[in-house]
Amino acid sequence: MNLVLTEVEPETAELLAAQAQAQGLSVDAYLKMLLGMPEQRNALAELSDEEFDTLMEEFASGTEDLPPLPADFSRQDMYFDHD
């Protein structure tokens, strides 16, 4: 079946492309991820150490002024409402 997505607004397509790029994925891979479809390859696994470090720096940018977590912060603090 050859389906062409003619009902997708250009603004929506641009937003999808931007979100996919932010995740380091193609639009196709990003849509598959959103749909819960397994991906054949892991884009992060294919990054060099330098590329991964750069990606993590970009991810963390803007968090410099956040307060540190308490010294006794634990996994239990994150999952307090789970059994």
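Values quoted throughout were computed directly from the atomic coordinates according to the rules given, and no laboratory measurement underlies them. Remember, it's a predicted structure, so these values are computed and weren't measured experimentally. Neighbour counts are summed over all protein chains in view; Cβ atoms, including those assigned to glycine, are modelled from backbone coordinates with ideal geometry.
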Open item on the list: Can you compute the label reach from GLN19? Point 7 Å from Cα along the Cβ direction, backbone N cut-off under 19 Å, restricted to region 43-83.
Closed with: 43-44, 59
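Please give the length that would be gained between ALA71 and GLU11 if that part of the chain were fully extended, namely 0.36 nm times their separation in residues minus their C-alpha to C-alpha distance (nm, one decimal). Before the final figure, lay out the partial values.
Numbers: separation 60, 0.36 × 60 = 21.60 nm, distance 4.47 nm.
Gain in length upon complete extension: 17.1 nm.
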Open item on the list: If I stretch the segment between ALA45 and ASP28 completely, what's the gain in nm (0.36 nm per residue apart, minus their alpha carbon distance), one decimal?
Closed with: 4.3 nm
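Expressed in nm², what is the orientationally averaged projection area of the convex hull enclosing the Cα positions of the chain? Show your work: numbers first, answer last.
Working: hull surface 40.0 nm².
For the Cα atoms of the chain, the hull's average projected area reads 10.0 nm².
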